[in-house]
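What follows is a set of notes on a single structure, which appears directly below.
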Amino acid sequence: MENKQGAGARAGSLGGKGFYIVLLLCAAVIGISAWIMLTNAGTIVEDETAEDAVDISGSYVTMLPAGNMAEPEPDVDVMAEADPMTEDESMDTGEAPEQSGETAAETAEETPEAPAAQQTGSDGTVSYLWPVRGSVQRPYSIQTLMYDDTMADWRTHDGIDVVCDQGTPVVASAAGLVVDVRSDDLLGTVVEIDHENGIHSVYANLAGQPPVTPGDRVTMGQTIGSVGATALGEVNQVSHLHFAMTSDGISADPTAYLTSEWTG
């Protein structure tokens, strides 16, 4: 009876310990399995990483999928593709082409002279240009009577008659304001300019329609008309410009104001 009880007690004791041993063995198996799986997974990752690794030392590289990679364009020699210059072509250097003597002369005739600068003396007085180039046929004579071929009498002459061809451009003697463009019974077409210093200049025997009108401001040397044949009071004379000046409304000798270098 005692043996049976002792055997039962030992069996019960072994049964309790066996449960814990089995539990420990299971835990050990699970741990070993997990370790093996992790080891294999690390090896696979290292292998794949080694296959995909790219050496980018020394530069910055952006990897694109092979399907999106554009083929590099070939180097183009710009000078080789440029059209060669023919013998008739020349580079534009900004220099005017050479002209023959005849062509240069024609160009000079077609190009009008630039207006001259206003000429002022050291004392503030203004010098006046001759309105046309030419010689004086009839001088200024306001106190002494002169015989007039057209009127067939003796009379004064309030200006100078400068010989020049019909159509010759007439320029303003100085800068000023056009105050009158009129048709005079004896002097024909007349342009009068106020030079704003008490001096007026008068241009007569002009062609019919001058290019200026009252109120226009003109510069010294600007064309204000051309020589015509409208002065009936001087029709028997050679072609000329009748030019007169006044100072504060009083007739004055134009040659006292005009520069000598403009005479013909």
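The numbers here are math on the coordinates, done by the rules we state, and not lab data. Since this is a predicted model, take the numbers as computed values, not measurements. In this analysis, Cβ positions are derived from the backbone assuming ideal geometry, glycine residues included, and neighbour counts consider all displayed protein chains.
In this structure, Trp154 and Thr255 have a Cβ-Cβ separation that, at R0 = 25 Å, corresponds to a calculated FRET efficiency of about 0.70. Each label was represented as a point 7 Å from its Cα along the Cα-to-Cβ direction; for Glu196 and Trp35 these points are 11.3 nm apart.
Full extension of the segment from Ala229 to Cys26, taken as 0.36 nm per residue of separation minus the current Cα-Cα distance, would add 59.2 nm.
Working from Cα pairs under 8 Å separated by at least six residues, relative contact order for the range 128-262 is 30 percent.
Among residues other than Leu145 with Cβ under 15 Å from its Cβ, the summed charge is -2 (Lys and Arg +1, Asp and Glu -1).
Spin-label pair Asp165-Gln137: with each label point 7 Å from Cα along the Cα-Cβ axis, the two points sit 1.6 nm from one another. A protection proxy built from the mean count of other Cβ atoms within 10 Å ranks the segments 22-33, 218-229, most packed first, as 218-229, 22-33. In this structure, Tyr147 and Thr213 have a Cβ-Cβ separation that, at R0 = 51 Å, corresponds to a calculated FRET efficiency of about 0.90.
Here the range 148-264 is treated with +1 on each Lys and Arg Cβ and -1 on each Asp and Glu Cβ, and its dipole about the Cα centre works out to around 300 debye. Roughly what % of DSSP beta bridges within the range 128-262 run antiparallel, to the nearest 5? About 95 percent, rounded to the nearest 5.
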